[in-house]
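Engineer: Sharing a structure, written as C-alpha cells. Questions coming.
The values are calculated or read from the model by the stated rules, or taken from the named source; none is laboratory data. Computed from a predicted structure; not experimentally measured. As a convention, Cβ positions derive from the backbone with ideal geometry for all residues, glycine included, and neighbour counts pool all protein chains shown. Each accessible area value is taken on the protein alone, full model and side chains, heavy atoms only, with ligands, DNA and RNA left out. Shrake-Rupley method; radii C 1.70, N 1.55, O 1.52, S 1.80 Å.
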Amino acid sequence: NIVTTVNTRLLSVYADAKTRKGSNSGYLTGILYLAPANEASSKINVCPYASKGCKAVCLYTAGRGKMDSVVKARVAKTLRFLENPKEFVELLAIDIQKIINKAAKVDMTPAIRLNGTSDLPWEKLGGKLGVALMNRFPSVAFYDYTKNPNRAIAYAEGKMPDNYHLTFSKSECNDSDVNKVISAGGNVAAVFSTKKADELPESYKGRDVVDGDKTDLRFLDRDGVFVGLRAKGDARSDRSGFTVLL
C-alpha cells in the first residue's frame, strides 16, 4: 500500500480522490496541506489573494478535512512553518526525497504540490541552504494553483523554475487578471456549476476548457486553456460569482 508505506512528516500521499487518479498516469503525488488564509493564526495568511467567495467555498474542510484530527494537524504544520520557515523547508526536502525513493521502487514518477490549501511563493523560500525546493530537485515535477496574478504571469513568461507549473485560479473579482494570464499563455482554473456526472462546457471566454477533475496533474495540460472544475461542497450553492453558473 503506497499510501501507508511513504512515511512523511509534512507531505500527504494520495490524500484525495483526484490525486489518486494520477496513479493511472504513473505519478506518485505528495501534497502539503496547511490551514488556509488566517485559520491557524492572525500572524500569517497563507492565502493572501483569497477572495470572499474563495474563503466561503474553500475545500479545506472537504472529505477528511472535516475530521478534527486532520484540522489540528494542518494548523500545527502552519504554525510550525510560521515559527521557523527555513527549518520547515528542510523538512519538506526530506519528505520529497522519501517520495522520490518510493516512486523509484514502485516504478512511478514523483510529483509534488506544495500549496494544497495555501498560496505561498515556494520558489522564493530557500530554507537554510538558500535554494528553492524545485531547484534542489530539478527532475521532479512541482505544480500548484495560485490566485497571485504576479506569480501566474511570471510563470507564463518563463520566469519560474522550469519544473514548476502554475495554474491561475479564477475568483468572483479577478476577471482582469484572468484575462492577463490567459493572454500571456497561462492556464486558468475555473469552478463551474456543472454537476458531477455532466460534461463541462467545451469553451469559456473563447478558450478551450479541459476537464480538471480527471486528474490533478496540471503540468500535463496544454497552454492557454481554462481548467474546468465541477463545483463541490459549498461551491454548489455559491452565488457570489466565484462559481460560474451555467
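Engineer: Restricting to segment 159-174, give me the number of residues that are more than 15 Å from G185 (Cα to Cα) and of a type in the set (F, W, Y).
Structural biologist: 1
Engineer: Further, regarding this structure: Of everything in segment 173-185 that's closer than 27 Å to G233 by Cα and assigned to a loop (DSSP other than H, G, I, E, B), which residue is nearest to the chain's Cα centre (by Cα)?
Structural biologist: N174
Engineer: Take the residues in segment 213-246 that are in a loop (DSSP other than H, G, I, E, B) and of a type in the set (A, V, I, L, M, F, W, C), then tell me which one is most open to solvent (accessible area, probe 1.4 Å).
Structural biologist: Going through the qualifying residues, I end up with L246.
Engineer: What number of residues within segment 130-164 satisfy the criterion of being in contact with a helix residue (DSSP H, G or I) (Cβ under 8 Å, 6 or more places away or on another chain), under 25 Å from G228 (Cβ atoms) and of a type in the set (F, W, Y)?
Structural biologist: Matching residues across segment 130-164 total 4.
Engineer: Something else now. Take the residues of segment 171-185 that are in contact (Cβ under 8 Å) with a residue 40 or more places away in the chain and open to solvent by less than 20 Å² (accessible area, probe 1.4 Å): which is nearest to C47 (Cα to Cα)?
Structural biologist: Top of the filtered list is S171.
Engineer: In segment 172-223, what residues are basic (K, R) and over 24 Å from A154 (Cβ atoms)?
Structural biologist: Listed by number, the residues that qualify are K195, K196, K214.
Engineer: Residues in segment 142-156: is at least one open to solvent by 20 Å² or more (accessible area, probe 1.4 Å) and of a type in the set (K, R)?
Structural biologist: yes
Engineer: Restricting attention to segment 186-212, and to residues there that are under 19 Å from the mean Cα position of the chain (by Cα) and in contact (Cβ under 8 Å) with a residue 40 or more places away in the chain, which single residue is most open to solvent (accessible area, probe 1.4 Å)?
Structural biologist: That would be V191.
Engineer: Is segment 136-155 home to any residue that is assigned to a loop (DSSP other than H, G, I, E, B), of a type in the set (S, T, Y), touching a strand residue (DSSP E or B) at 6+ places or on another chain (Cβ under 8 Å) and touching a residue at least 12 places away in the same chain (Cβ under 8 Å)?
Structural biologist: For segment 136-155, residues assigned to a loop (DSSP other than H, G, I, E, B), of a type in the set (S, T, Y), touching a strand residue (DSSP E or B) at 6+ places or on another chain (Cβ under 8 Å) and touching a residue at least 12 places away in the same chain (Cβ under 8 Å): absent.
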